[in-house]
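**Q** Quick one: this structure, given as structure tokens, is what I'll be asking you about.
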Amino acid sequence: MTSVHDSKPEVSIVVPVYNEFDNLPDLVARIDEAMRQQPLSYELIAVDDGSTDGSAKRLKELAEQHPWVRAVCLVRNYGQSSALQAGFDRVRGRYVVTLDADLQNEPGDIPLLLERLENDPDVDMVSGWRKNRQDKALSRRLPSVLANRLISSSTNVKLHDYGCALKAYRREIIDRIRLYGELHRFIPSLARDAGARIAEVPVRHHARTRGVSKYGIDRTFRVILDLIFIVFFMRFRQRPLHAFGGLGLWLATPGILILLWLLGEKIMGESIGGRPLLMAGVMLVLMGMQFIAAGLIGELLTRIYYESGSGLQYYAKEYGAVETAPEPQAS
Ligand code: UDP
Ligand code: MG
């Protein structure tokens, strides 16, 4: 049954997996069932992100049973972004679909997204919109409403729901972006930046029935920092000096004038005793700003490092029926 056609599927479905043992058989069955309803050939690239519950072994077994399933096993937990990237590095289809392993996304919606890409040449990426999100209100939905607003107003992507894992892309968009850290949360901004025209399609969403969420309120602060960075990145990447340089000049100029004035007074023999608390306050604010600025410059360097291709992102082993080795990625 192996033909050239089979060995290079038209759709590559990428799923990051971290401790989802109980979800895996159903995940594979439900994706298969959904994809049989549509005309394109497909493969599943399931990326085990260093699970400790036997998910990797189960994925290998599934890959042995189903020729359309490939298991990529990362040697430790790198996080959802790197897991997705490990999948993206191996896609062969002209369309790429992502969804979560926990069946919170509805595999039955995949054909809907693909249909849009097939029929609408003006769209490069279709993003799921969880109109009926089934997650905790305070710890999950509220931060994400705020994040959606903030990203909408600070980047040129206007979406209702950035965080939905169920998305479909034309392959070239995937080839143009690189994920690491927590960047998977900002894929629409990165894709838009890579020239993608993005459409949003309402999709179903279910509560998790098996396993536990890997994210809690503790991640909110990290996400806020990522948000600061992504906004900074989108606006100032080509001129990082502009981000803080102007502010720095506005602060430094009066500072220099004050010092000159104090120097003058000193020379005239006057006492220049000051108000230590005020000074401390000013210093703390300035130091805080400098730390943030240094952090952002650091992020910028990290990003250049990863995207130049020299940054190590993950170690992986691959299992499953791969008739042809994945082609080298054009960069
Ligand atoms: N995941 C992962 N690595 C991690 C954390 C999560 O690959 O370090 C996967 C997880 O198995 C799931 C998806 O990312 O397929 C989303 O995670 P989860 O369902 O826990 O997030 P939530 O739906 O609660 O936002
Ligand atoms: Mg989930």
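**Q** Mind listing whichever residues of the stretch 265-282 are surrounded by 11 or more Cβ atoms within 10 Å (Cβ to Cβ) and of a type outside the set (Val, Ile, Thr)?
**A** Residues satisfying the conditions are GLU265, LYS266, GLY281.
**Q** Still on this structure, please answer the following. Select from the stretch 115-142 the residues that are among the basic types (Lys, Arg) and away from ligand 2 (no atom under 16 Å from the Cβ) and write down the one among them that is modelled with the lowest pLDDT.
**A** Per the stated criteria, the residue is LYS131.
**Q** Within the stretch 119-158, track down each residue that is closer than 30 Å to GLY93 by Cα, surrounded by 16 or more Cβ atoms within 10 Å (Cβ to Cβ) and over 18 Å from the mean Cα position of the chain (by Cα).
**A** Hits for the stretch 119-158 are VAL123, ARG133.
**Q** From the list ARG185, ARG204, pick out the single residue that is surrounded by 21 or more Cβ atoms within 10 Å (Cβ to Cβ) and within 16 Å of ligand 2 (Cβ to nearest atom).
**A** ARG185
**Q** Ok, one more. Scan ILE177, ILE256, ILE267 and give me the residue that is under 30 Å from the mean Cα position of the chain (by Cα) and of a type in the set (A, V, I, L, M, F, W, C).
**A** ILE177
**Q** Tally time: how many residues in the stretch 141-162 are touching a residue at least 12 places away in the same chain (Cβ under 8 Å) and within 16 Å of ligand 1 (Cβ to nearest atom)?
**A** Residues meeting the conditions: 6.
**Q** So, one more: In the list ALA46, ALA56, ALA34, which residue meets the criterion of being among the hydrophobic types (A, V, I, L, M, F, W, C) and away from ligand 1 (no atom under 14 Å from the Cβ)?
**A** Unique residue meeting the criteria: ALA34.
**Q** Something else about it: Take the conditions touching a residue at least 24 places away in the same chain (Cβ under 8 Å), within 17 Å of ASP49 (Cβ to Cβ) and within 12 Å of ligand 1 (Cβ to nearest atom) and apply them to HIS184. Does it pass?
**A** yes
**Q** Condition (residue is within 16 Å of the chain's Cα centre (by Cα), surrounded by fewer than 17 Cβ atoms within 10 Å (Cβ to Cβ), on the phi < 0 side of the Ramachandran plot and outside any helix (DSSP H, G or I)) applied to the stretch 160-170: is it met by at least one residue?
**A** no
**Q** Just the residues that are within 16 Å of ligand 1 (Cβ to nearest atom) and either within 22 Å of ARG141 (Cα to Cα) or part of a helix (DSSP H, G or I) (or both), please, taken from the stretch 171-181.
**A** Within the stretch 171-181, just GLY181 meets the criteria.
**Q** So which of ASP26, ASP53 is within 16 Å of ligand 2 (Cβ to nearest atom), farther than 19 Å from VAL97 by Cβ and surrounded by fewer than 17 Cβ atoms within 10 Å (Cβ to Cβ)?
**A** Matching residue, one of ASP26, ASP53: ASP53.
**Q** Scan the stretch 176-196 for residues that are among the aliphatic types (A, V, I, L, M), within 18 Å of LYS158 (Cα to Cα) and in contact with a helix residue (DSSP H, G or I) (Cβ under 8 Å, 6 or more places away or on another chain) and jot them down.
**A** LEU183, LEU190, ALA191, ALA194, ALA196
**Q** Further, regarding this structure: Have a look at VAL201, VAL223, VAL212 and point out the one that is in a helix (DSSP H, G or I), aliphatic (A, V, I, L, M) and at negative phi.
**A** None of the other options fit; the residue is VAL223.
The values are calculated or read from the model by the stated rules, or taken from the named source; none is laboratory data. Just so it is clear, the structure is predicted and the values come from calculations on it, not from any experiment. All Cβ positions, glycine included, derive from the backbone under ideal geometry; neighbour counts span all protein chains shown.
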